[in-house]
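Everything on this sheet refers to the single structure shown next.
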Amino acid sequence: MTQPRKHTARLLLAVLAALPGVPALAFDLDSDVPITVSAGNARLDDAQGVATYTGEVELTQGQTRLTADRVVIHRDSEGLSRIEATGSPAHYRQPTEDGAGETDARAHTITWSAQDRQLTFEGDAVIEQNGNLFRGDTIHYDTARRVVTADGGQGTGAGNGRVEMVIQPRTTRQEQESDGSTQGQ
């Protein structure tokens, strides 16, 4: 990784650490709420522990939702172990922890690993939350440690080869004026 990319990735981590309400971004296996799958087609290989869904696939758990063209779910002796979603793009939506908004993420491939507690967005990856935007070719999110790493890629496809971010201010001028903390002009 080049020095400018290392600096940009470190800046992304610092900014994300400072943002309130960044969600865990994952399905909750400890929840009593089941994960529901609907799709045009399904194939279950019980011996291998693999279920493949195609055709406008939708996974939901409570208000968490994943939509894709194709989803492969892997199970092991512990239960659900991995979800691989592909689409043009695949979408992942989840309410923020504080309930004040929604996280909307999309990429050509979204992979969730229970063992690693890692969520990976690959191929024109974008994560939006309350006006904040994070874009890169690949974005990894460690849900246990709440650490994000991003790579801008090589500048192929729609991206320019760089990690991009838009960070909204914590308060807007209008909010300050409405509570009287700034003087009118």
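The values are calculated or read from the model by the stated rules, or taken from the named source; none is laboratory data. All figures in this text were calculated on a predicted structure; none of them were measured in a lab. Here Cβ is always computed from backbone atoms with ideal geometry, including for glycine, and neighbour counts include all displayed protein chains.
The figures follow:
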item: Tally, over segment 57-83, of residues that are within 29 Å of residue 97 (Cβ to Cβ) and loosely packed, with under 13 Cβ neighbours inside 10 Å; result: 4
item: Single residue of segment 148-169 satisfying the filter (hydrophobic (A, V, I, L, M, F, W, C) and touching a His at 6+ places or on another chain (Cβ under 8 Å)) that is modelled with the lowest pLDDT; result: 148
item: Check on residue 86, among the β-branched types (Val, Ile, Thr), modelled with pLDDT of 75 or more and under 26 Å from residue 165 (Cβ atoms); result: yes
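Each row is one residue, and each column tells you yes or no for (1) assigned to a strand (DSSP E or B); (2) in contact (Cβ under 8 Å) with a residue 24 or more places away in the chain; (3) of a type in the set (A, V, I, L, M); (4) more than 29 Å from residue 153 (Cα to Cα).
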{"position": "44", "(1), (2), (3), (4)": "yes, no, yes, yes"}
{"position": "57", "(1), (2), (3), (4)": "yes, yes, yes, no"}
{"position": "68", "(1), (2), (3), (4)": "yes, yes, yes, no"}
{"position": "94", "(1), (2), (3), (4)": "yes, yes, no, no"}
{"position": "104", "(1), (2), (3), (4)": "yes, yes, no, no"}
